[in-house]
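Coordinate-derived values only; no laboratory data. Everything quoted here is computed from the prediction, not taken from an experiment. Heads up, the Cβs are rebuilt from the backbone with ideal geometry, glycines too, and the neighbour counts pull from every protein chain shown.
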Amino acid sequence: MYTPHGAHHSHYQTPYVTPYILNPASQVHDQFENNFMGKEIEYFSEAGFDMTKIHIRRNAPVAQLYEDAVRNEGAIISSTGALINFSGKKTGRSPKDKRIVFEETSKDDIWWGPVNIKMDEHTFEINRERAIDYLNTRDLVYVFDGYAGWDPKYRIKVRVICARAYHALFMNNMLIRPTEEELKDFGEPDFIIYNAGQFPANRFTAGMTSTTSVEINFKRMEMVILGTEYAGEMKKGVFSVMHYLMPVKFGQLSLHSSANYGPERDDVTLFFGLSGTGKTTLSADPKRQLIGDDEHVWSDEGVFNIEGGCYAKCINLSPEKEPEIHAAIRFGSILENVVYNPINRIPDYDDVAITENTRCAYPIEYIPNAHIPCSVPRQPTNIIMLTCDAFGVLPPVSKLTPEQASYHFLAGYTSKTPGTEDGVLEPIPTFSTCYSAPFIVLQPSRYADMLAERMRGAGAHCWLINTGWVGGKYGSGSRCPLKYTRAIVDAIHNGSLAALPENEYDTFDAFGLSIPTKVENVPSEVLDPRKAWPDKDAFNKEVKKLAGMFNRAFAVFEKQVDEKVRAAGPRV
Ligand code: ATP
Ligand code: MN
């Protein structure tokens, strides 16, 4: 019987092994193999890689990862040359299954609670061994060695060990790719990810509540992934480590933000915001150079990107609205869980049959005006806090005082639109502190205090931008057209908003926000929600509702902040 799957197994000895041996990098590889085994043996006597059985591909060429993914993982090559992969059952992160190991070196720093759930060291050992044992059953194991952090002073060396070519290529795109020289002298990594995502956690292991487990051990500087193949877990694992190391060990501020640079005015902008608020979309700007779309460090010297690539949403992606991102989807890029036309391999970005969270991971140099190296020795000039307010209450743009900036950073507000199926018609508010609660490692106030201090030092302007609903809430209004938001961002960058005199700002009393009365290329009635809503009573009702939600959400921070920050919230 002919089975296409069986076919490759029968001749795997030749096509797999040969190209690798012929690979000019094989010398590097051999050296690595020895180091790697050496490390395993002397460091962890409990588990190691069985080099007599498995074959390791280290920093394999992109084309080879394509070939493996197509041959073994059901991947498809898209019409523009991107690799379309599928992550299986999980198409998003699994925050409830995330654990942090409770150990003496980090226990006093970690913000324990529902975001950082404790795991004991022994359970980590069990899961780690389970992951390594699983990897030992694979014929092929992939290793990717790369860096996190573009500033050599602060960067860390990351090693990813996984069994899917898709995962190796994903981290090839998302980490900073070492040069051949750097790879040769890579040495021991600072952080290792063992990704055995295809294999489940054992539900009878202490503390496991499902077959998925994503865990980080700051003492061993290791991450273990079981039971989820969603590649974004690895990316956020690296961020978690930087979100711990940068403030604790280096005294630098790590941020869940995008960043770009304007050569004309020599200025850096940071964009904060939760998922879907526009960090990736708005930081890709033809007038500016992209530093990065998701994870940065604001250091004493300036701003640098943690990653070597971007991870853009693909839902409803169009070349007209997001030309840079659309053009980045080509050979080397990974499309995740995107539906495609089987005849011509053209992706259908409007199709949510697999998930709404369709993504593309591409190396940052695929954005034509990326600033490489992704590090700028400048303190930020503008801080933009993005929110997607589906209640339609917050103005498309407002100017924040330093106290309001601290307030909104700690509150971390955005909202989700109601799902179409479950009959929920109300937007769903989300308050996610520091605009990044799922990845917060330390007490939120540690990041917030550092941000306030750095903003003060740099004299940065702060703006709150609502990329969500205008002229009504979800259902009656509409999402702020992207071209208006882009015009607002332009007005921030060309200095015209900051130059607008006080009397050209209106005060939105309930939230204490200053709304500019004019912004070039934006109709002025859009700028003030009090004017944009046709139904004033309905508007006032939503204002009260949202203000109440802010007050309730902020209550947990009231004791930690000073009076001025407490007073910077809505008053209704
Ligand atoms: P994540 O943290 O998950 O990566 P993100 O903040 O990077 O999220 P984006 O990928 O930029 O979010 O998603 C914003 C989405 O909203 C895009 O699909 C974009 O096309 C859409 N959008 C619609 N209107 C606007 C607007 N006015 N401003 C920004 N984005 C908008
Ligand atoms: Mn993004």
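Here are the numbers for the structure shown:
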{"quantity": "Residues (in contact with a helix residue (DSSP H, G or I) (Cβ under 9 Å, 6 or more places away or on another chain) and more than 19 Å from LEU135 (Cβ to Cβ)) located in the stretch 193-207", "calculated": "ALA206, GLY207"}
{"quantity": "Looking only at the stretch 264-284, and only at residues there that are touching a Phe, Trp or Tyr at 6+ places or on another chain (Cβ under 6 Å) and part of a loop (DSSP other than H, G, I, E, B), the one that is nearest to ligand 1 (Cβ to nearest atom)", "calculated": "GLY273"}
{"quantity": "Output for the stretch 220-244, where each listed residue is over 24 Å from GLY276 (Cβ atoms), in a helix (DSSP H, G or I) and in contact with a Ser or Thr (Cβ under 8 Å, 6 or more places away or on another chain)", "calculated": "TYR244"}
{"quantity": "Filtered residue count, the stretch 440-495, keeping only those that are aliphatic (A, V, I, L, M) and under 30 Å from ILE216 (Cα atoms)", "calculated": "7"}
{"quantity": "Qualifying residue in the stretch 431-442 (condition: out of contact with any His (no Cβ under 8 Å at 6 or more places or on another chain), among the β-branched types (Val, Ile, Thr), more than 24 Å from VAL303 (Cα to Cα) and buried (at least 19 other Cβ atoms within 10 Å of the Cβ))", "calculated": "no"}
{"quantity": "Considering residues of the stretch 97-111 that are in a loop (DSSP other than H, G, I, E, B) and in contact (Cβ under 8 Å) with a residue 12 or more places away in the chain only, the residue surrounded by the fewest Cβ atoms within 10 Å (Cβ to Cβ)", "calculated": "GLU104"}
{"quantity": "Test result for VAL397, under 26 Å from GLY495 (Cα atoms) and of a type in the set (Val, Ile, Thr)", "calculated": "yes"}
{"quantity": "Residue selected from the stretch 454-497 under the condition away from ligand 1 (no atom under 16 Å from the Cβ) and touching a Leu at 6+ places or on another chain (Cβ under 9 Å), by the criterion nearest to ALA553 (Cα to Cα)", "calculated": "CYS462"}
{"quantity": "Count of residues meeting criterion [within 16 Å of ligand 2 (Cβ to nearest atom) and buried (at least 24 other Cβ atoms within 10 Å of the Cβ)] in the stretch 285-303", "calculated": "7"}
{"quantity": "Qualifying residue in the stretch 317-333 (condition: among the basic types (Lys, Arg), over 22 Å from LEU451 (Cβ atoms) and more than 12 Å from ligand 1 (Cβ to nearest atom))", "calculated": "yes"}
{"quantity": "Conditions (1) touching a helix residue (DSSP H, G or I) at 6+ places or on another chain (Cβ under 8 Å); (2) outside any strand (DSSP E or B): number failed by ASN260", "calculated": "(2)"}
{"quantity": "Some residue of the stretch 290-313 being of a type outside the set (Gly, Ala, Ser) and without any contact (Cβ under 8 Å) to a residue 12 or more places away in the chain", "calculated": "no"}
{"quantity": "Subset tally (residues that are in contact (Cβ under 8 Å) with a residue 24 or more places away in the chain, assigned to a helix (DSSP H, G or I) and surrounded by fewer than 22 Cβ atoms within 10 Å (Cβ to Cβ)) for the stretch 69-79", "calculated": "3"}
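The rows are residues; the columns are (1) touching a helix residue (DSSP H, G or I) at 6+ places or on another chain (Cβ under 8 Å); (2) acidic (Asp, Glu); (3) within 23 Å of ARG203 (Cα to Cα).
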{"residue": "ASP50", "(1), (2), (3)": "yes, yes, no"}
{"residue": "GLU73", "(1), (2), (3)": "yes, yes, no"}
{"residue": "GLU103", "(1), (2), (3)": "yes, yes, yes"}
{"residue": "PRO114", "(1), (2), (3)": "no, no, yes"}
{"residue": "PHE124", "(1), (2), (3)": "no, no, yes"}
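Results for (1) assigned to a helix (DSSP H, G or I); (2) surrounded by fewer than 21 Cβ atoms within 10 Å (Cβ to Cβ), shown as yes or no for each residue.
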{"residue": "MET455", "(1), (2)": "yes, no"}
{"residue": "LEU464", "(1), (2)": "no, no"}
{"residue": "THR485", "(1), (2)": "yes, no"}
{"residue": "ASP490", "(1), (2)": "yes, yes"}
{"residue": "ALA498", "(1), (2)": "yes, yes"}
{"residue": "MET549", "(1), (2)": "yes, yes"}
{"residue": "ALA553", "(1), (2)": "yes, yes"}
{"residue": "VAL556", "(1), (2)": "yes, yes"}
